[in-house]
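The values are calculated or read from the model by the stated rules, or taken from the named source; none is laboratory data. Quick caveat, the model's predicted, so the values are computed rather than measured. Every residue, glycine among them, receives a Cβ derived from its backbone with ideal geometry; neighbour counts consider all protein chains shown.
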Amino acid sequence: MKKLFLILVLLAATACAIQKHFMADIQKVHYRELLAHHDSWQQAITTLQGNARITVDSPQYSGNFAADILMNGRDSLLISVKGPLGVPVGKVFLAKNRFIFYNQLMNQFITGLRKDFDNTNFLQFPVAIKELENVFLARDQFEILKKTSYEVRDRLYYLEADNAHLHYHIWFDPQYMLIRKIEYWDKDRLLFYKTYDQYTKFNGIYFPRAINFVRPDESQGLSIYFTDLLLNEKLDSKKFEIKISDTAKQINLSLN
């Protein structure tokens with residue numbers, strides 16, 4: 001019995017020593033280094049081509065979709081969505097100033113200035129147009145951040161920081177030095193959070209296969225899982241062409 005007790009004590013002491021060693025090692029990384037690495041990682045992704053499964057869940061609507069996603073540079077994003085049995089649902093194209101939405105269910109082709117659509121939701125997704133790039137491309141763009149707290153929590157780097165408008169809670173994975181979870185707060189209200197999982201290397205760059213976007217107060221969620229993905233491969237510009245039906249109603253809101 002005494003031998004068993006001594007073994008348990010030794011095991012507990014060893015576990016504590018390992019944990020202390022891990023904590024000491026992980027805390028050597030400065031939070032500014034994490035933010036700098038995150039920024040350079042985002043800048044390193046110049047093109048993206050992928051296929052994804054999408055799940056939408058909200059009190060208003062729940063459903064599953066497939067999507068083809070193309071990104072070229074910082075200002076060109078095309079998302080083509082299909083419903084069950086591969087039925088085309090809609091396409092949205094975002095450029096720096098331009099917006100195109102081809103609603104294939106309603107047979108409408110809408111164009112205009114991007115700023116006029118920023119706060120409009122895409123189809124039944126609980127995501128505004130201005131948020132599409134940040135959600136589908138795993139982007140989190142920070143202005144100057146003021147640290148309020150930094151520690152190791154649950155074997156992740158944990159940072160709390162403010163900018164002029166928002167407060168952030170950010171968990172960084174020590175293996176990749178990339179974000180695993182981020183919460184966006186407005187004072188005491190959690191606006192939304194995102195999680196990034198299953199980081200996989202594509203063409204030398206890690207990218208999360210699984211992305212989740214949640215608005216807890218609204219009980220809204222959007223999940224994206226990349227089944228295929230190419231990063232930083234040359235894209236054929238013709239892939240960004242949107243072919244529309246001859247009978248589609250064309251609406252140019254920039255003419256108003």
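Could you grab me the full set of residues in the stretch 185-219 that are within 20 Å of Asp57 (Cα to Cα), over 13 Å from the mean Cα position of the chain (by Cα) and of a type outside the set (Gly, Ala, Ser)?
Leu190, Leu191, Arg215, Pro216, Asp217, Glu218
From the list Arg180, Arg114, exactly one residue is of a type outside the set (S, T, N, Q), closer than 30 Å to Ala248 by Cβ and without any contact (Cβ under 8 Å) to a residue 60 or more places away in the chain. Which is it? Full working, then the answer.
On the way: Arg180 fails: closer than 30 Å to Ala248 by Cβ.
It is Arg114.
Taking the condition modelled with pLDDT under 95, in a loop (DSSP other than H, G, I, E, B) and surrounded by 13 or more Cβ atoms within 10 Å (Cβ to Cβ), does Gln124 pass?
On the way: modelled with pLDDT under 95: yes; in a loop (DSSP other than H, G, I, E, B): yes; surrounded by 13 or more Cβ atoms within 10 Å (Cβ to Cβ): yes.
Judged against the criteria, Gln124 is a match.
Evaluate the following for Val127: is it of a type in the set (A, V, I, L, M), out of contact with any His (no Cβ under 6 Å at 6 or more places or on another chain) and within 23 Å of Phe226 (Cβ to Cβ)?
The answer is yes for Val127.
Step by step: first the residues of the stretch 186-206, then only those that are closer than 19 Å to Ser40 by Cα and touching an Asp or Glu at 6+ places or on another chain (Cβ under 8 Å), then the one that is modelled with the lowest pLDDT. Which residue is that?
The qualifying residue modelled with the lowest pLDDT is Asn203.
Is the stretch 217-227 home to any residue that is under 24 Å from Gln124 (Cβ atoms), surrounded by 13 or more Cβ atoms within 10 Å (Cβ to Cβ) and touching a helix residue (DSSP H, G or I) at 6+ places or on another chain (Cβ under 9 Å)?
Scanning the stretch 217-227, I find at least one residue that is under 24 Å from Gln124 (Cβ atoms), surrounded by 13 or more Cβ atoms within 10 Å (Cβ to Cβ) and touching a helix residue (DSSP H, G or I) at 6+ places or on another chain (Cβ under 9 Å), so the answer is yes.
When you scan the stretch 166-193, how many residues do you find that are under 18 Å from Leu137 (Cβ atoms) and not in a strand (DSSP E or B)?
Residues meeting the conditions: 1.
Go through the stretch 150-165 and report how many residues are touching a residue at least 40 places away in the same chain (Cβ under 8 Å), within 14 Å of Leu34 (Cα to Cα) and either aromatic (Phe, Trp, Tyr) or outside any strand (DSSP E or B) (or both).
Residues in the stretch 150-165 being touching a residue at least 40 places away in the same chain (Cβ under 8 Å), within 14 Å of Leu34 (Cα to Cα) and either aromatic (Phe, Trp, Tyr) or outside any strand (DSSP E or B) (or both): 2 in total.
If you check every pair at least six apart or on different chains, which have Cβ atoms under 9 Å apart with a residue in the stretch 129-144 that is farther than 20 Å from Asn97 by Cα first and a residue that is in a loop (DSSP other than H, G, I, E, B) second?
Ala138/Ile45; Phe142/Asn163; Glu143/Asn163; Glu143/Ala164; Glu143/His165; Ile144/Asn163; Ile144/Ala164
Out of the residues in the stretch 64-83 that are more than 14 Å from Ile224 (Cβ to Cβ) and surrounded by fewer than 16 Cβ atoms within 10 Å (Cβ to Cβ), state the one that is modelled with the highest pLDDT.
Gly73
Residues Lys147, Lys115, Lys96: which one is under 22 Å from the mean Cα position of the chain (by Cα) and outside any loop (DSSP other than H, G, I, E, B)?
After ruling out the rest, the residue left standing is Lys115.
Name the residue that is modelled with the lowest pLDDT, counting only residues in the stretch 207-254 that are at negative phi and of a type in the set (Gly, Ala, Ser).
Ser254
Given the conditions (1) of a type in the set (Phe, Trp, Tyr); (2) more than 30 Å from His167 (Cα to Cα); (3) surrounded by fewer than 16 Cβ atoms within 10 Å (Cβ to Cβ), report the number of the one that Phe142 does not fulfil.
(2)
Within the set of pairs 6+ apart or on separate chains, which have a first residue in the stretch 224-246 that is under 15 Å from Ile79 (Cα atoms), a second that is of a type in the set (Val, Ile, Thr) and surrounded by 10 or more Cβ atoms within 10 Å (Cβ to Cβ), and C-beta atoms under 6 Å apart?
Matching pairs, first to second residue: Ile224/Ile54; Ile224/Ile211; Leu235/Thr47.
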